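I have placed the structure first, in the form of C-alpha cells, so that the comments after it can refer back to it.
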Amino acid sequence: MSYQVLARKWRPRDFGSLVGQEHVVRALRHALEQNRLHHAYLFTGTRGVGKTTLARILAKCLNCETGVTPEPCGKCSSCLEIDAGRFVDLLEVDAATNTRVDEMRQLLDTAQYAPTRARYKVYVIDEVHMLSTSAFNAMLKTLEEPPEHLKFILATTDPQRIPVTVLSRCLQFNLKQMPRAAIAAHLAKLLEAEKVAYEPDALPLIGRAAAGSMRDALSLLDQAIAHGAGKVSVNDVRDMLGAIDETYLLRILEAVAAGDGATVIGIATEMQARSLSFDTALADLGSLLLRIALAQTVAGAIEEDLPERERLVALAATLDPETVQLDYQIALQGRDDLVRAPDEYAGFVMTLLRMLAFRPEGGSVTSGLEVASARPATAPRSMRVSPAASPAAFDWADLVSKLQVTGAARELARNAELMRREGSAFELVVPKSKGYLAEKSYQDKLKAALEQHLGAGVTLKVVAAETRGNSMAAMEAIERDKRHAEATRSVQKDRFVQDLVEICDAKVIDSTIQATPRQS
Ligand SMILES: [Zn+2]
C-alpha cells in the first residue's frame, strides 16, 4: 500500500526532523546534554501529533552506542534496531489492549532484570490512561522505586484519566497540534524530495482535513497521490476530501454583504448542479465566518499564506461584527434545519435568504426591513419585500409566540395590533372593548418578556383605539370560526346524520359541533 510508504518513510528519526514540537525537543535536548535524566516521561497530546515517534527517538538518545546524546548516530545496531522496531530492550505496550493487572504485573516483573544489551530498558506505554486502577497501582510501586536501568515513557491522549499519584512521578510534556501552515510546509518539503508534482493550494486543504495530526496528513497525502495518479492537484484533493471550493462560499458571503439576492441564489443553483453537499457547505460557511470574526477581533488572525486571505480580510472590513455573529448563528441553525427542510437545496437557500433578510440591531434580531428605515446608510443588504415597509410586515404574532408571558399580559399581547415599531420601540393598539388590557402592570409584564427575548432597552406604548382586526386573537377567532363552519358542513353532509334527520326527525344543534384540533 502506497499509504504506508510516506508515513513510514518520513517518520521522523531524530529531533531535527520532528516538526512542530520545538518546545518539547528543546527541553529534552537540554536534559540529555546535561545527563539529567528522569525515570518517567509522560507525553500528552491528541492523536497523530508524534507521541510514540518522540518516544522512539528518546529511546535511541538513551541507548545509542555513541553514548547518551541528543543526536543519536542512526547507524549503530541499537539505533538501527530501534528504527526497525526490533530492539529487545525497547518494549512498546498498548494499554488499550493490555489493561489487566496481571499483564501489568508480568511486565513489571521483567522490568527488574537488567537490560539484555542496552544501557537502559525502555518501556513505552501508549494510551496509558486505559490501564485499570489495579494496573496503575502495580505500576506505581515500580515508579516509586525504579531500578536504575529502567525508563518509562508514557503516552496519552487523555491525561486527566491518569491518577495524580502516577502523574506526580512523571515529567510531563504536552505535544501541540500541528498548525495547518506547518503541516502544509512539511508536505511541500516532502513532495519536493519525492519529486511529486503538486499545486501549492492543495496542501492547506490536506492540512485542514488532518486537524493537527501529521500522521493523518501523511496518509491523506498518500491517498491524494494515488487519487491524482502521481500528482497532487487542488481539484483532486477537493474531490477526495469531499471539500467544497471555498470560492463558492466566499462569493456567497460577498453577495450577502452586498444584499445581492439574485447572485446568492445563482451560486446555490450552481452548487446544486455540481451535487455539492449543502451540509458541508453550511459547516464551511460557519468556519469562514469564524475566521472573519477572529480577524475583526485579533489583528493578524488570518494566516498569511491562506489563498483566500485577501477576500476574508475584505469581508472582515465590510461586515460589522454583529452581522458576522448573526450569520454564524444562522449558518449553524441552518445545518440543524437541513434535515427537516423539504430537501437540502431548499434548506440551504432558506438559510441564505435568512442571512439576507435579517441583520442585528442593538443585540436583537430585526428584519432587514426595519433596519432599512432605522439605519438607511448602513443597510445595504436589507431585502426589499413588497408591500413596502409597514409594521404589519413584521410578524408580531410570531414574536408573541416566542415570548415567555402568561395571564393578562399574554392576553394583552394576543389582542394587540402592532401600530408602529422602530428598533426596540413598540406601539400597540388594543380594541376599545378590551381597553382594560392597557393597564400599566400588564404593560410592564409584557415589556419584561420582550426584553427577555430581545435584550434590554425595549419601550412599549399601548393605546385603546379602533383596530384593523388583525391581532393574534382576532386571527385565531377567524380561524376558529372557519374551522367550526367546516366541521358543521361536514356533519351536515354525513349520510348517517342525514338519515337520522330524515327518518327519525332528528335536529343537529350547530353549537355543539366541535372541530377536532388541527394536526400540525
Ligand atoms: Zn546510534
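Looking at GLU192, is it of a type outside the set (Gly, Ala, Ser), surrounded by fewer than 17 Cβ atoms within 10 Å (Cβ to Cβ), touching a helix residue (DSSP H, G or I) at 6+ places or on another chain (Cβ under 7 Å) and within 17 Å of VAL234 (Cα to Cα)? Criteria not met by GLU192. Step by step: first the residues of the stretch 291-312, then only those that are in contact with a Leu (Cβ under 9 Å, 6 or more places away or on another chain) and not hydrophobic (A, V, I, L, M, F, W, C), then the one that is farthest from PRO200 (Cα to Cα). Which residue is that? Here the answer is GLN296.
Of the residues that make up the stretch 171-188, is at least one assigned to a helix (DSSP H, G or I) and touching a strand residue (DSSP E or B) at 6+ places or on another chain (Cβ under 7 Å)? Looking for residues that are assigned to a helix (DSSP H, G or I) and touching a strand residue (DSSP E or B) at 6+ places or on another chain (Cβ under 7 Å), one finds none in the stretch 171-188, hence no. Within the stretch 54-68, the set of residues being surrounded by 15 or more Cβ atoms within 10 Å (Cβ to Cβ) and more than 8 Å from the ligand (Cβ to nearest atom) comprises LEU54, ALA55, ARG56, ILE57, LEU58, ALA59, CYS61, LEU62, VAL68.
Here's the yes/no breakdown for (1) under 19 Å from the mean Cα position of the chain (by Cα); (2) not hydroxyl-bearing (Ser, Thr, Tyr):
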{"site": "LEU218", "(1), (2)": "no, yes"}
{"site": "ALA243", "(1), (2)": "yes, yes"}
{"site": "THR247", "(1), (2)": "no, no"}
{"site": "VAL264", "(1), (2)": "no, yes"}
{"site": "ALA283", "(1), (2)": "yes, yes"}
{"site": "LEU289", "(1), (2)": "yes, yes"}
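In the stretch 221-245, the residues that are under 18 Å from TRP10 (Cβ atoms) reach residues that are crowded, with 18+ Cβ neighbours inside 10 Å and acidic (Asp, Glu) with C-beta atoms within less than 9 angstrom, at least six apart or across chains, in these pairs: ALA224/ASP236. Counting only residues that are assigned to a loop (DSSP other than H, G, I, E, B), within 21 Å of LEU37 (Cβ to Cβ) and within 10 Å of the ligand (Cβ to nearest atom), the stretch 69-89 holds 6 of them.
Being modelled with pLDDT under 95, part of a helix (DSSP H, G or I) and surrounded by 15 or more Cβ atoms within 10 Å (Cβ to Cβ) is true for just one of GLU103, GLU92. Which residue is that? Before the answer, list the steps.
Values: GLU92 fails: part of a helix (DSSP H, G or I).
Being modelled with pLDDT under 95, part of a helix (DSSP H, G or I) and surrounded by 15 or more Cβ atoms within 10 Å (Cβ to Cβ) holds for just one of GLU103, GLU92, which is GLU103.
For the subset of the stretch 20-53 comprising residues that are over 30 Å from ALA209 (Cβ atoms) and of a type in the set (Gly, Ala, Ser), which member is farthest from the ligand (Cβ to nearest atom)? So, considering only residues that are over 30 Å from ALA209 (Cβ atoms) and of a type in the set (Gly, Ala, Ser), the one farthest from the ligand (Cβ to nearest atom) is ALA40. Please pick out the residue among LEU326, LEU289, LEU353 that is touching a Lys or Arg at 6+ places or on another chain (Cβ under 8 Å) and of a type in the set (A, V, I, L, M, F, W, C). Only one candidate qualifies: LEU326.
The values are calculated or read from the model by the stated rules, or taken from the named source; none is laboratory data. Given the structure is predicted, the values throughout are model-derived calculations rather than measurements. Ideal geometry is used to build each Cβ from the backbone, glycine not excepted, and the neighbour counts take in all protein chains shown.
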